[in-house]
1. Using packing as a proxy for protection, rank 180-187, 150-157, 350-357 so that the peptide with the highest average count of other Cβ atoms within 10 Å comes first.
2. Over all pairs of distinct alpha carbons, what does the Kirkwood formula give as the hydrodynamic radius of region 110-156, in Å?
3. For region 319-435, what are Rg and Dmax over the alpha carbons, in angstrom?
4. Take each of the peptides 477-484, 276-283, average the number of other beta-carbon atoms within 10 Å over its residues, and list them starting from the highest.
5. For region 86-157 and region 353-427, what is the separation of their C-alpha centers, rounded to whole Å?
6. Let me check I've understood the local charge: for N512, count other residues with C-beta under 12 angstrom from its C-beta, Lys and Arg +1, Asp and Glu -1. What total comes out?
7. When only C-alpha pairs under 8 Å and at least 6 residues apart count, what is the relative contact order of the chain, in percent?
8. Classify region 415-541 as rounded, prolate or oblate, taking a ≥ b ≥ c as the square roots of the eigenvalues of its Cα gyration tensor: rounded when a/c is under 1.5, otherwise prolate if a/b is larger than b/c and oblate if not.
Amino acid sequence: FAVQMLTSVGLGPALGMAAVPTAVIQKYEGSFLSFIKGVLGGDLQTLAGGPLFLLLAKYYQEYGPIFTLAFGPKAFLVVSDPVMARHVLRDVPVTQYCKGMLAEILEPIMGQGLIPANPAVWKVRRRALVPGFHKKWLNRMIGMFGDRADILLKDLQSKEGNVVDMEERFCSVTLDIIGKAVFNYDFGSVTKESPIIKAVYRVLREAEHRSSSFIPYWNLPYADQWMGGQVEFRRDMTMLDDILADLINRAVETRSEATVEELEERDNADDPSLLRFLVDMRGEDLSSKALRDDLMTMLIAGHETTAAMLTWTLFELARGPPALLEEIQKEVRTVLKDKDRPDYDDIVAMKKLRFCLIESLRLYPEPPVLIRRAREADNLPSGGSDLTSGIKVLRGTDMFISTWNLHRSPDLWDEPERFDPTRWDRPFQNPSVRGWDGYNPDKVTGLYPNEQAADFAFLPFGGGARKCVGDQFAMMEAAVTLSVLLKKMDFELAIPAEDVGMKTGATIHTMNGLQMKPRSVSESSTSVEKTTSWWEMQHLKRGFNAN
Ligand code: HEM
């Protein structure tokens, strides 16, 4: 019966949600018991028998770059094609799509913050927030990243010889960093535990659970008064809201209004936070909830995403060829010389390290799907290798753009499953993917190969108008943290790589933590001189002349 229930032609067209020429035969492949548990828990992951993005990957292999996925009453158009992604994210007006079910799920936490905001609110808030990420501020943040990375380094040195969960450590350091950057608040989570930190984590877990649920259990009558996790969720949100309100009030009491240009020149040595910038910005409406919503959004958006990038990079470096890790350490030491932490120019100079970070976002994109809902009817351009006509999208259609599928597609990447940071030096094209320009390293500008250089086959920070506002911040934060650690320490996996596992939420977590043994090393111990480096070898093997 369970199988029957989900064995259906995609329900999208039947519900009038999406008229697409593709339909997928759905089959539930878990046990009957786990199916019932999934239904009762309203949990798509359980129903899918594992992380949802892996199910989408399986259907991508079977049905190609566009199909409809139906879970009971819910239906989604799943898009894994760069030309269609480019159309939805960049080419149509920003008012054409909204965040749909993601906004519904996040609303109780982020309100109308920038990520879930509807297009009208988004336009106003994006304009207000972006100036806060100005160059001088980002430069100042580099110093703060170094301070925080140093605290983590000392902590790891004190634990030498023990097994440490590096995923947990990275979550702590990125929480401390985002707390300082956004509100000038010191969570101090690298060195201590507190009820506030626990509340932040529980709220994050609840948000993740909601985003993989097909029953909005949190909307059940009075759920926050009787339903286990919901009572706690309300308590946690009240605690965090009180802290935020207090921080905002204190900043408002000392408000000193100025234009954006004046604010960019201000020293604000005691409090360089975004909160300070926004409160002092002339014209900012402090009576509305918008400020609270945006700050809460950035706390959540800027924390575990960066932690995940660090976690998966270190995982891949530790399990990869030792020559790669050695080469990265050598680069860090050569660039930093006797300094303990990098400045902006050093980050630019550490290209191999940055390419490792971005390569981990290719293999483990955070989040693994982008969610949209069509506010107006649309026509997706034909793309992929075997589609002949455009795809009609009806108003109200819910859409998943699978970044996981795009980033691991054999049509779009050479050896897609392989962690190979050298790939970003080499061009890649595939004329059979119609309308796609391929990846061109000559188009890379800034700190990382971005969606433009890969013509929307690579969406590490999304693309188009709603692209991440924190991309530079995150890349610099991760580069500083990793370089500070790798300059002084070696990391060895304490469990077999296959046991690290993967589970999904808004970000891709490990199943069992990233258990590692950190060990201090002498900085000269790895400077093995080789005539041909590992990096060059990868190019040579593929007939590419790096010069
Ligand atoms: C949006 C990824 C770090 C704030 C996004 C989007 C992605 C993303 C993919 C687009 C979502 C969509 O189109 O639906 C990441 C990754 C990060 C990271 C992988 C770290 C490795 C940060 C940081 C901040 C931040 C550090 C803040 C300090 C935001 C905000 C948006 C956003 C506010 C919404 C932008 C808008 O709709 O205008 N991020 N992010 N993110 N991110 Fe990030």
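We did not get these values from a lab; they are worked out from the coordinates using the rules stated. In this text the structure is predicted, and so the values were computed from the model without any measurement. Note that we place each Cβ from the backbone using ideal geometry, even for glycine, and neighbour counts take in every protein chain shown.
1. Numbers: 180-187: 20.4, 150-157: 16.9, 350-357: 23.1.
Final packing ranking: 350-357, 180-187, 150-157.
2. Values: mean 1/r = 0.0768 Å⁻¹.
Kirkwood hydrodynamic radius for region 110-156: 13.0 Å.
3. Considering region 319-435 through its Cα atoms, Rg and Dmax are 19.5, 60 Å.
4. Output ranking for 477-484, 276-283: 477-484, 276-283.
5. 20 Å
6. Working: positive: K503; negative: D165, E167, E168, E498, D499.
Neighbourhood net charge equals -4.
7. On the way: 869 pairs, mean separation 120.6, N = 547.
Once divided by the residue count of the chain, the mean separation gives 22 percent.
8. Values: a/c = 1.73, a/b = 1.36, b/c = 1.27.
Here region 415-541 falls in the prolate category.
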